[in-house]
Each structure stands twice: as structure tokens, then as C-alpha cells.
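The values are calculated or read from the model by the stated rules, or taken from the named source; none is laboratory data. The structure presented is a predicted model; accordingly, all values stated were derived computationally and were not measured. In this analysis, Cβ positions are derived from the backbone assuming ideal geometry, glycine residues included, and neighbour counts consider all displayed protein chains.
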Amino acid sequence: MDFLATLFTDFGAQILSTVTAAFAIAAIGLNLHFGYTGLLNIGQAGFMLLGAYGFAITIRFGGPFWLGVLVAIVAAVIFALILGLPTLKLRGYYLAIVTIAAAEILRIVGGNQSLGPVTGGVAGIGNQVYSPAFTALSPFPQDGSFSLGPYTYPLTVGDSWYLRIVSWIVLALVAVLVLLLMRSPWGRTIRGIREDEDAVRSLGKNVYLYKMQALILGGVIGALGGMLFVLGTSVQPDSLGRSTTFLLYTIVLLGGAATVFGPVLGAVLYFMVIIGLQDVVGQFVPPEIMSQQQVPQFGYIVVGIGLMLLVIFRPQGILGNKKELSFGD
């Protein structure tokens, strides 16, 4: 019983965490690209990293919090334009090639030691540089903590209730925004582009413009996820690399592509699996067979196998509608 109580307590803590909310937000942006518009973006981590850098660097050089948010959003818009202008008029996997290359360029440039005074190089930018600008906006006291059941966190500073509340509020607002957009004529148009862009073009719609709008909006949402993610940790280029984009695809496909709440469910389930494996291994597996340091790698194997089984037996994901979209169709 003690193990089960610990397990469910850890599940709740992971659900409340900023990391889960941040990845759910970024996955919603990716879902707007892939699930709704049919754009194969393999560089969503680049939007997250660019949003994190734009926010952190602005505050590092004396800018206020809201200017940092604005710079991150503008940087994501410019990045989307740079990626989309030469590729969205083409068919096939050109966008996938460009986005994965561009995201890697951002990661490599961010880790360049010659840019250390700006980006922090490989060490990145610690959150003590930019988090005070965020915590200064908190309506809660700067010191002290608050307990809700088994969960006790600081009110404002560090991994706090304030950060968690803001993260989940932003996630709720993004989800509602996408829900409203998908029920609008704009949303129906980009769904049509995913199914048959020639048919949409025959109706007089500017397919290129709609694709660009979707790419920009999904990228901005990804940048917001990146900002929230680094508020609880630090800006490090290698923490938002290729594996992050594939993790986001796992989240989208698990919860259900072309659904508003699928990425949220996918993020929650993914991190619950990871934390559950850590608890199970720590409780039942001897250290000589598998150490705690090996659990993350084992978790990736389990999630990968689960994803393969999902694609085979339920390709639309948990919440997806098979009549609308199936991965691989």
C-alpha cells in the first residue's frame, strides 16, 4: 500500500508539473501543423528553443518581462517565415528536411562558445537570470510555501505554485484558442488543405497563405511552451534538440492527432509512464540489474514499443477519430 500511495502521489506531482504543461502546449502547436494542416514539421524543438532564447536574452540585457515575451513571439514568427517561404509552395517532405536542419542549426549556434556572452554557450543561461522578472509579477508572497494534500511547494520562488498555475492557465487558454479556431471557417479550411489542397485551391482559397498562417501560429505556441519550460530549469541548447521533437510527436500520436485535447492527454500519459517506471524499477528491480540512471533509457524503449503498437492497432490515437485522420494513411 505504501508503494501504491507513493506511485499515485508521484503521478499527481507529475501531472501538476510545469514540464508536463509546457510540453502539452508545444505539442498543441505541433498538432496544429501536423494533425490539422498536414505540415510535417520535424523542428518544433527549434521554435521552443528560439522562444526560450528570445525571452531569456532580452531579460538578460535589461528588458522587462513582457518585452521578453514579445521578442520570443516575434522571433518565432520570423523563424516560421524563413522556414515557410521557400518550402510551403512545394509538396512532399521539403518542410520536414528544412525544419529539422534549421532546428539543429539553432541548437549548434546556441551552444557555440564564441556566443557565450549572449547565449551562454554550452552551459546556457541559468534561470536565476530571468526568473526574477517572472516572479516579480506574482500575486503571492515571495517567501513561504503552501501545501495541498501531499504536495508542498514554494508560493512564488523556484518550482512554485505560481509557476504551475500560470503554466496550466496558459495551456487552457491555448487549448480554447485552438478549439475555437478549429470550429471556425479558418479551421475547416486548413483541415481541407490537409485532405486535398487542390480541392481547396479550386474553391479560390490561397492555400499557401493558410499554410503559412498555420505554421506561424503553431510555431508561436511552441515558443510559449519553450518559455514556460525554461522558467523551471535553464536555457540549454542540448535540452531542446531532436529528441524533443520526436517526444512531441509521441505525445501527439498517443493522445490523438487532429484533436484539441489529445496532446494534453498524451503529455500526461507519457510523463506518468516515465515516473511510473522509475518508481517500479526503484521498488522491485535490484540495482545490479537496472540502476536509476538507466531508467530513462528503458523508459524510451517502453514508450517506443507502446507507440509502435498504437500506430498498428489504433493509429488515430486515444482521442482521435479514425475517419478523420490516421497516422500513416
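Points to keep in mind about this one:
- The helices (runs of 4 or more DSSP H) found wholly in the range 101-203 and carrying at least 2 residues that are farther than 26 Å from Val220 by Cα occupy 185-202.
- Residue check, Phe79 surrounded by 14 or more Cβ atoms within 10 Å (Cβ to Cβ), aromatic (Phe, Trp, Tyr) and closer than 16 Å to Gly218 by Cα: yes
- Selection of the range 85-122 for residues being over 20 Å from Phe61 (Cα atoms), crowded, with 17+ Cβ neighbours inside 10 Å and of a type in the set (Ser, Thr, Tyr) yields Thr87, Thr99.
Residue-by-condition table, conditions (1) in contact with a strand residue (DSSP E or B) (Cβ under 9 Å, 6 or more places away or on another chain); (2) aliphatic (A, V, I, L, M):
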residue: Ala5; (1), (2): no, yes
residue: Thr9; (1), (2): yes, no
residue: Gly12; (1), (2): yes, no
residue: Ala27; (1), (2): no, yes
residue: Leu32; (1), (2): no, yes
residue: Thr37; (1), (2): no, no
residue: Arg91; (1), (2): no, no
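- Of Ile221, Ile275, all but one fail to be part of a helix (DSSP H, G or I) and more than 21 Å from Ala102 (Cα to Cα); the exception is Ile275.
- Tabulated pairs, the range 114-132, first closer than 9 Å to Val235 by Cα, second of a type in the set (Gly, Ala, Ser) and assigned to a strand (DSSP E or B), C-beta under 6 angstrom, 6+ apart or interchain: Gly124/Ser234; Gly126/Ser234; Asn127/Ser234
- Helices (runs of 4 or more DSSP H) fully within the range 1-81 counting 2 or more residues that are under 26 Å from Gly126 (Cα atoms) and in contact with a Pro (Cβ under 6 Å, 6 or more places away or on another chain): 18-31
- From Thr244, Thr250, Thr259, residue being at pLDDT 90 or above, buried (at least 19 other Cβ atoms within 10 Å of the Cβ) and part of a loop (DSSP other than H, G, I, E, B): Thr259
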